[in-house]
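Q: Have a look at this one before I ask anything.
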Amino acid sequence: MTFGLGFSILMALKVVLFFVFIYIFIPSQIVRFRDEETFLDKFFISLVHSSVITIIIVHILAFLKLYETFSLFFAYGIWYIAYSWVRGKSPVAVADALGMKLVVNILDMSEGRSGLAGELAGRAKNWLYQVLAFIKNIVSELFLNPFAGVFPFAAIAAAAVIRFNHSITHAYYGASDSYVHLAWIKYLGANQMYRDGIYSYGYHAVLSALSKITLIDPYFVVRFIGPLAGTLLVLSVYYFASRNFKGPYVALVAVLIYGMVTDDRFPNEVWRQISALPQEYAAIFLLPGLHFFNLWLKNPANRYLWLSAECLAITIYIHPYVTVFLSLGCAVMCLCYPGKLSDIRFLAKTITAFIIAFLAGMFPVAVGILTGKEFHSTLGYIKQDLESSGQAVPSQITASLSEDNPFILMMLASSAILLLCWLLNGARSGMKREERAYLFFSIISLILYLFYRVSSTGILVVMDPHRIATFMAVFSAITYAGTVNALDLIRVKNVFNALKGVAVVAVLTAILIFTPVKVPKGECFEYDEAVNAYLKIKNSFPALSWTIVAPVEQYQQTLGYAWHVELLEFVKKMEAARKPEGDKSYAIPTDYVFIFTEKIPLGSDRHVEESDLNAEIPELKGTETEFYYRNAENRRILQAKAFFWAEDYMKKRDNMEVFFEGQYLKIFVLKQDYRNPVKLFSD
């Protein structure tokens, strides 16, 4: 019944490849790129366009109650036709986009000397030669300049391994929020917008569309999208550094620091990047959005203005905290182009684009408000973060980022070095892109440091300090790496490259030696055996013919496929039926009822015992999930009552058997006719 390592790797590859194919490869074949745009430019531009389009389409279809796989494909098709018309400005362009040119080419090939089969074979051979030549070129590029090729590739690959390790080796999610997002994805897929209240649904739209198109269980999408997003976040750090600093060294050091340094004192919170969390996914668009805005400031082309505006809209759709830092970054970047601040026309166009992006991002929320929906309770964190607490906000990161933390000291020193580089280079001879990068990162790092300090002291809570610290880590990794190019101040050409190479190798060696990599492991809210059992049941039994009795995590998994009865409800019904006047008519009307019981309750170190049966179910204090399932003793009481009831029931009746028994779980299955369900608690 177990799903091994090979199965996990296969499903991870499936999710990743489909994501790349749908959100990057297909758009890259449609969008027009400029000659000067690199592979990574095309990569992120495609991802930006496809994300915006998908979020808008899914929201429109869901609000209209028309969101299904066919309607999604149809909406994509309509968008493609409209885009082709606008780009080609003629019906001929639309006809070509719909494949008429391909039909004509096929007819021409069929009339050729070698016929259709021969022409297709020849073209396939040429295509194969081109693919092999492309692979050969990629391999040669990787090793031609290791600092720009194989070294960063290896660092990004290592970062991916660190982030995928948990989801490959464990079936359970590493964060509790991921279970909530799984449910919301399924609600959205069923055309239920804001069922639990208004919340930014852009993240769920992207993941839901991926599941709808590929027909992959959303459980797997959520399981592997977190580490994929974490890897793309690392790639975005490399992208920004490589496009805004001269030479390959800064980008290499930046990606190594952000991707592989997992020391607690550096607050990149890799544990968040192993799970499906919208903040980390939205952060993918932070640095690309700043890069596009930088291009707009440097060489005004509407293309880059609208790309940066799209990034802003995406962050609003997915997680507003990223919007704050993207907006802050754009404002700081404007300071690096003082001449633009006096260009009224330029400012008007910029502000207009960003207002449009803001209104587009807020439109789904506005529709939700107009339909009478309330805001989801978790959005209260924004209000809490903006209130002065009068005292420091307690957190592990807040405690670790003290004044003597080397991370803080390094950031301040690096910011000073970058500012010095700008003073000696840019301020003296006019700013180039790299000098503006020096200035930008020195300013943004200092601002984030000040935000963090005032928030952690409680004097003024700008935002929860640990949130600020996670974004500070993104910028600081590049700030540290930017000091590598401080050697540009040395104008001895014969030794310059050698010195820089030696310095980079020394930095990389020091990082790997003095900050050993710790592969993060997420929190555990259920056993792997429980997830594997769900997958086995789902694949082996007809949809809607079974019910799982288990803790709350199985609710999100079974949603849309079958039924779920919460363990707490089941045990309370059982306890009520034991009383003389209790209701003994409780039944679950499905053909199969799977009762998940834990022999060793989660969070405990011993088996359930019959003595646990005598304990009373305590009165609720707080939320049910936290009180009954996160508390080991309370969970033990529930599990013991369900376990021994099932054992006793199986001895007395012949319609129940053991479906699975492992180290931690024992799962019973009750077989019945749903039209005449068994009264479970009758004598």
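The values are calculated or read from the model by the stated rules, or taken from the named source; none is laboratory data. Small disclaimer: the values here were computed from a predicted structure and weren't measured. Positions of Cβ are generated from backbone atoms using ideal geometry, with glycine treated the same way; all protein chains shown enter the neighbour counts.
Q: For the structure I just gave you, tell me whether Thr597 is in a strand (DSSP E or B), within 27 Å of Leu544 (Cα to Cα) and modelled with pLDDT of 90 or more.
A: Yes: the conditions hold for Thr597.
Q: Give Leu638, Leu680, Leu670 a once-over and let me know the one that is closer than 24 Å to Trp546 by Cα and more than 40 Å from the chain's Cα centre (by Cα).
A: It is Leu680.
Q: Restricting attention to the range 187-213, report how many residues are of a type in the set (D, E, K, R) and closer than 20 Å to Ala12 by Cα.
A: 1
Q: Go through the range 518-567 and give me each residue that's touching a strand residue (DSSP E or B) at 6+ places or on another chain (Cβ under 8 Å) and aliphatic (A, V, I, L, M).
A: Ala530, Ala533, Ile537, Leu544, Ile548, Val549, Ala550, Val552, Ala562, Val565, Leu567 - these are the residues of the range 518-567 that are touching a strand residue (DSSP E or B) at 6+ places or on another chain (Cβ under 8 Å) and aliphatic (A, V, I, L, M).
Q: Restricting to the range 330-360, name every residue that is closer than 12 Å to Phe293 by Cβ and modelled with pLDDT under 90.
A: The answer is Cys336, Tyr337, Lys340.
Q: Could I ask something else about it? Given the residues Ala159, Ala175, Ala124, which is the only one that is in contact with a helix residue (DSSP H, G or I) (Cβ under 8 Å, 6 or more places away or on another chain), of a type in the set (A, V, I, L, M, F, W, C), outside the structural domain of Gln554 (by TED's automatic domain parsing) and farther than 21 Å from Phe245 by Cβ?
A: Result of the check over Ala159, Ala175, Ala124: Ala175.
Q: Could you please find all residues in the range 222-252 being under 19 Å from the mean Cα position of the chain (by Cα) and either on the phi > 0 side of the Ramachandran plot or of a type in the set (Gly, Ala, Ser) (or both)?
A: Passing the criteria: Gly226, Ala229, Gly230, Ser236.
Q: Has the range 657-664 got any residue that is surrounded by 16 or more Cβ atoms within 10 Å (Cβ to Cβ), over 38 Å from the mean Cα position of the chain (by Cα) and not basic (Lys, Arg)?
A: Checking the range 657-664: not a single residue is surrounded by 16 or more Cβ atoms within 10 Å (Cβ to Cβ), over 38 Å from the mean Cα position of the chain (by Cα) and not basic (Lys, Arg).
Q: How many residues are of a type in the set (S, T, N, Q) and modelled with pLDDT of 95 or more if we restrict to the range 294-316?
A: 2
Q: Moving to a separate point now. Only one of His291, His319 is touching a Ser or Thr at 6+ places or on another chain (Cβ under 8 Å) and either at pLDDT below 95 or over 26 Å from Val161 (Cβ atoms) (or both); which?
A: The conditions single out His319.
Q: I've got another one for you. Tell me whether the range 327-336 contains one or more residues that are exposed (fewer than 12 other Cβ atoms within 10 Å of the Cβ), under 26 Å from Val474 (Cβ atoms), in the same structural domain as Val462 (by TED's automatic domain parsing) and more than 29 Å from the chain's Cα centre (by Cα).
A: The answer is no; no qualifying residue exists.
Q: Using beta carbons and a limit of 8 Å, which pairs, at least six apart or on different chains, have the first residue in the range 20-42 and closer than 19 Å to Ala229 by Cα and the second one modelled with pLDDT under 95 and not in a helix (DSSP H, G or I)?
A: Asp41/Phe33; Lys42/Val31; Lys42/Phe33
Q: Next question, about the same structure. Among (1) at pLDDT below 90; (2) closer than 16 Å to Lys679 by Cβ; (3) among the hydrophobic types (A, V, I, L, M, F, W, C), there is one condition Ala615 misses while meeting the rest; what is its number?
A: Unmet condition: (2).
Q: Could you grab the pairs with beta carbons closer than 7 Å, sequence gap of 6+ or different chains, first residue in the range 293-305 and over 14 Å from Cys336 (Cα atoms), second one of a type in the set (Ser, Thr, Tyr)?
A: If the second residue must be of a type in the set (Ser, Thr, Tyr), the pairs left are Leu305/Thr350.
Q: Just checking, does the range 471-487 include any residue being modelled with pLDDT under 75 and in a helix (DSSP H, G or I)?
A: The answer is yes, given that some residue of the range 471-487 is modelled with pLDDT under 75 and in a helix (DSSP H, G or I).
Q: What pairs can you find where one residue is in the range 57-80 and at positive phi, the other is in a loop (DSSP other than H, G, I, E, B), and their Cβ atoms are less than 6 Å apart, with a gap of 6+ or different chains?
A: Lys65/Asn191
Q: While we're here: Say we look at the range 184-203 and pick out the residues that are under 19 Å from the mean Cα position of the chain (by Cα) and modelled with pLDDT under 90; which of these is farthest from Thr371 (Cα to Cα)?
A: Once the filter is applied, the top-ranked residue is Ser200.
Q: So His170 fits all but one of (1) within 30 Å of Ala366 (Cα to Cα); (2) touching a Lys or Arg at 6+ places or on another chain (Cβ under 8 Å); what number is the exception?
A: That leaves (1) as the condition not met.
Q: Looking only at the range 209-225, how many residues end up being crowded, with 23+ Cβ neighbours inside 10 Å and touching a Lys or Arg at 6+ places or on another chain (Cβ under 8 Å)?
A: Within the range 209-225, residues that are crowded, with 23+ Cβ neighbours inside 10 Å and touching a Lys or Arg at 6+ places or on another chain (Cβ under 8 Å) number 1.
Q: Separate question: Restricting the first residue to the range 448-475 and requiring it to be closer than 14 Å to Leu326 by Cβ, which pairs with a second residue that is part of a loop (DSSP other than H, G, I, E, B) and modelled with pLDDT under 75 meet a Cβ separation below 7 Å and a spacing of at least six or different chains?
A: Hits for this filter: zero, empty list.
Q: Helices (runs of 4 or more DSSP H) wholly in the range 16-130 with at least 2 residues that are out of contact with any Ser or Thr (no Cβ under 8 Å at 6 or more places or on another chain), more than 30 Å from Phe164 (Cα to Cα) and at pLDDT below 75 - which ones?
A: The qualifying helices (runs of 4 or more DSSP H) are 69-88, 91-97, 100-110.
Q: Still on this structure: Please enumerate the residues belonging to the range 547-605 that are among the acidic types (Asp, Glu) and within 22 Å of Val180 (Cα to Cα).
A: Glu553, Glu566, Glu569
Q: Could you pull out the residue among Tyr203, Tyr173, Tyr219, Tyr179 that is farther than 21 Å from Glu269 by Cβ and touching a residue at least 12 places away in the same chain (Cβ under 8 Å)?
A: Going through Tyr203, Tyr173, Tyr219, Tyr179 in turn, just one is farther than 21 Å from Glu269 by Cβ and touching a residue at least 12 places away in the same chain (Cβ under 8 Å): Tyr219.
Q: For the range 609-651: of the residues being hydroxyl-bearing (Ser, Thr, Tyr) and in a helix (DSSP H, G or I), which is farthest from Ala530 (Cα to Cα)?
A: Ser611
Q: A further question follows. Determine if the range 618-625 includes at least one residue that is among the charged types (D, E, K, R), touching a residue at least 40 places away in the same chain (Cβ under 8 Å) and either within 18 Å of Lys666 (Cβ to Cβ) or outside the structural domain of Leu665 (by TED's automatic domain parsing) (or both).
A: Scanning the range 618-625, I find no residue that is among the charged types (D, E, K, R), touching a residue at least 40 places away in the same chain (Cβ under 8 Å) and either within 18 Å of Lys666 (Cβ to Cβ) or outside the structural domain of Leu665 (by TED's automatic domain parsing) (or both), so the answer is no.
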